[in-house]
Amino acid sequence: MTLKLVIFDVDGTLIDSQAHIVGAMRAAFEGQGLTPPTREETLSIVGLSLPVAIDRLMPGADLALQSALVEGYKDGFMRMRVEGGEALSPFYPGAREMLGSLAARDDLLLGIATGKSRRGMDHLMEMHGLRRLFQTVQVADDHPSKPNPSMIQACLSETGVDTTHAVILGDTVFDMEMGRNAGIPAVGVEWGYHPAENLVTAGAMKVLTHFDQLDNALNEIWG
């Protein structure tokens, strides 16, 4: 039996964390006396590592201001987590059931490639009881920002799966481009933070409208 690997993005793919992310970014900018980016602007950078995301939102800012915004975002995110708990980052409909179904298969391994920090990902996994489901978890602390293929390459290395038997599932163009850069198929989801047509342009082989479609998409990719 040939093992296959399904790698998941987190924010915008498995977890609807937009209220949490937008709120933390607003707190970071307001803490520096700046006008916060719009919701659309903030969601456009979800998936990137935080320093890269801040640079996209505040190009030309000096390093001291960028650093202050990064720390302000982290502080705001942690404060909101304490106040809001699990309600701030709920699963998308069908996500938890889909993960349980895939994890029960003998021929599949599951992985994560996320722009979250290790601390943030550890908290999320404990909160939702996810740790046992994933054989490899890659976070922003240990890799260059998406769309660099480093996270996918680490997932492949840790599981021993080759590129022909792996796929990335995500909601942003950065996920699609990361898959392309790593040489594996990318599947998009339309319920996340980037428009479906942008995902297709970035290389998505298919864009799902519901998690129920994932099994068929995997069968189409692997035959």
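The values are calculated or read from the model by the stated rules, or taken from the named source; none is laboratory data. Note that the structure is a prediction, hence the values are computed from the model and not measured. Glycine also receives a Cβ, built like all others from the backbone with ideal geometry; neighbour counts cover every protein chain displayed. Heads up: the accessible areas ignore ligands, DNA and RNA and are worked out on the full protein's heavy atoms, side chains in. Shrake-Rupley method; radii C 1.70, N 1.55, O 1.52, S 1.80 Å.
If the requirement is being surrounded by 14 or more Cβ atoms within 10 Å (Cβ to Cβ) and farther than 14 Å from residue 14 by Cα, which of these qualifies: 102, 57? The unique qualifying residue is 57.
Could you tell me which numbered condition residue 137 fails, if it satisfies all but one of (1) within 22 Å of residue 92 (Cα to Cα); (2) at pLDDT 95 or above; (3) open to solvent by less than 10 Å² (accessible area, probe 1.4 Å); (4) under 16 Å from the mean Cα position of the chain (by Cα)? It is condition (3) that residue 137 fails.
Of the helices (runs of 4 or more DSSP H) entirely within region 154-223, those holding at least 2 residues that are buried (at least 17 other Cβ atoms within 10 Å of the Cβ), in contact (Cβ under 8 Å) with a residue 12 or more places away in the chain and touching a Gly at 6+ places or on another chain (Cβ under 7 Å) occupy 173-182. It is to be established whether one or more residues within region 120-132 are touching a Gly at 6+ places or on another chain (Cβ under 8 Å) and either modelled with pLDDT of 95 or more or under 25 Å from residue 213 (Cα atoms) (or both). No, because not a single residue in region 120-132 is touching a Gly at 6+ places or on another chain (Cβ under 8 Å) and either modelled with pLDDT of 95 or more or under 25 Å from residue 213 (Cα atoms) (or both). Here 61, 19 are screened, and the one residue that is over 30 Å from residue 166 (Cβ atoms), touching a helix residue (DSSP H, G or I) at 6+ places or on another chain (Cβ under 8 Å) and part of a loop (DSSP other than H, G, I, E, B) is 61. When residue 93 is tested against (1) assigned to a loop (DSSP other than H, G, I, E, B); (2) open to solvent by 80 Å² or more (accessible area, probe 1.4 Å); (3) of a type outside the set (S, T, N, Q); (4) under 23 Å from residue 147 (Cβ atoms), exactly one condition is not met: (4).
Taking (1) modelled with pLDDT of 95 or more; (2) over 18 Å from residue 194 (Cα atoms); (3) under 17 Å from the mean Cα position of the chain (by Cα); (4) not acidic (Asp, Glu) in turn, residue 42 satisfies each apart from (2).
Every listed requirement among (1) of a type outside the set (Val, Ile, Thr); (2) touching a Pro at 6+ places or on another chain (Cβ under 6 Å); (3) touching a residue at least 40 places away in the same chain (Cβ under 8 Å) is met by residue 97 save one, (2).
Of all residues in region 105-120, which are assigned to a helix (DSSP H, G or I) and either touching a Leu at 6+ places or on another chain (Cβ under 9 Å) or surrounded by fewer than 20 Cβ atoms within 10 Å (Cβ to Cβ) (or both)? Can you show your working first?
As a first pass, look at region 105-120 and keep what is assigned to a helix (DSSP H, G or I): 118-120.
Those that are assigned to a helix (DSSP H, G or I) and either touching a Leu at 6+ places or on another chain (Cβ under 9 Å) or surrounded by fewer than 20 Cβ atoms within 10 Å (Cβ to Cβ) (or both): 118, 119.
Just wondering, is there one or more residues in region 27-35 that are in a helix (DSSP H, G or I), open to solvent by 20 Å² or more (accessible area, probe 1.4 Å) and aliphatic (A, V, I, L, M)? Looking through region 27-35, at least one residue is in a helix (DSSP H, G or I), open to solvent by 20 Å² or more (accessible area, probe 1.4 Å) and aliphatic (A, V, I, L, M).
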